[in-house]
Amino acid sequence: MPSPNALAEIGALIGDPGRANMLDALLDGRALTARELAECAGVAPQTASGHLAQLIDAGLVRMERQGRHRYHRLASAEVARLLEHVAQFVAGAGSTPRHSVRTGPRDLALRMARTCYDHFAGRLGVGIADALLARGYIELDADGGTVTDAGQDFLHGFGVAARLGKRPRRLFCRPCLDWSERRPHLAGALGIAIACRCFELEWVRRTSTRAVTITAAGQRGLRETFGISL
């Protein structure tokens, strides 16, 4: 178990508004420059560089060099899950029992479809998970998930079987509680593969935020392949 000092350090890093905005910008899985992150956080480039140095030292962010450019991304999927859980807790703590609870972001686009680091979240992510469960293609519990024989056939037809390769049965797919829908979407190898395939098919397109836009082709493909309409 981490020491109280380590927990306090991580809490302080995430709790700063500027750093929180920078981490949120990296939650869509992309690598961004310090200048781009400064714009997201609304701070000066020099301030952003200081924030990034602290986040890198704490193991929350990693920096990659490509030529003369430096790019920053979240250090791991575990960091992304931590940030999602914090957002989920904050959303729940802000509700009151006398009113209906509105979960997740106010931005309708983010609620509809967004990336959660390397997989889909929002109504899109939950819809895909629900469809795979309802059709008996996957089986999930609190610890992980497996793909059934029927699911293997489906994944082969969808064009992701080769991408997945041979992987352990457990944690092949993992339920990730969606903080806006409060039901699980798919993380793990399967969640990543499905998201990548949807981008390849141009069913979804990235926007300037974590939200993704579902194209006309995507509306048809999601309806015909997963039986969902968004």
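Applying the criterion of being surrounded by fewer than 16 Cβ atoms within 10 Å (Cβ to Cβ) and either outside the structural domain of R220 (by TED's automatic domain parsing) or modelled with pLDDT of 90 or more (or both) to the residues of the stretch 124-147, the residue that is farthest from I214 (Cα to Cα) is G136. Looking only at the stretch 23-68, count every residue that is under 23 Å from I192 (Cβ atoms) and either surrounded by 15 or more Cβ atoms within 10 Å (Cβ to Cβ) or among the acidic types (D, E) (or both) and tell me the total. Residues that pass the stated criteria total 15.
The condition of being among the hydrophobic types (A, V, I, L, M, F, W, C), assigned by TED's automatic domain parsing to the domain that holds L132 and touching a His at 6+ places or on another chain (Cβ under 6 Å) holds for only one of A195, A189, A162, that being A195. Only strands (runs of 3 or more DSSP E) whose full extent lies in the stretch 108-155 are considered here, and the ones with at least 2 residues that are within 21 Å of R206 (Cα to Cα) and of a type outside the set (K, R) are 114-116, 119-121.
Of the residues G188, G227, G151, G218, only one is at positive phi, in contact with a Lys or Arg (Cβ under 9 Å, 6 or more places away or on another chain) and surrounded by 15 or more Cβ atoms within 10 Å (Cβ to Cβ); which? Give the steps one after another, and end with the answer.
Working: G227 fails: surrounded by 15 or more Cβ atoms within 10 Å (Cβ to Cβ); G151 fails: at positive phi; G218 fails: at positive phi.
From the options G188, G227, G151, G218, the qualifying one is G188.
Here the stretch 69-79 is the region considered, the condition is being touching a residue at least 12 places away in the same chain (Cβ under 8 Å) and touching a strand residue (DSSP E or B) at 6+ places or on another chain (Cβ under 9 Å), and the residue that is surrounded by the fewest Cβ atoms within 10 Å (Cβ to Cβ) is R70.
Could you count how many residues in the stretch 45-64 are acidic (D, E) and either touching a residue at least 40 places away in the same chain (Cβ under 8 Å) or in contact with a strand residue (DSSP E or B) (Cβ under 8 Å, 6 or more places away or on another chain) (or both)? Write out each step before concluding.
Keep residues of the stretch 45-64 that are acidic (D, E), which gives 57, 64.
Next, only the ones that are either touching a residue at least 40 places away in the same chain (Cβ under 8 Å) or in contact with a strand residue (DSSP E or B) (Cβ under 8 Å, 6 or more places away or on another chain) (or both) stay: 64.
Result for the stretch 45-64: 1.
The values are calculated or read from the model by the stated rules, or taken from the named source; none is laboratory data. All figures in this text were calculated on a predicted structure; none of them were measured in a lab. Reconstructed Cβ throughout: ideal geometry from the backbone, glycine too, with neighbour counts over all protein chains shown.
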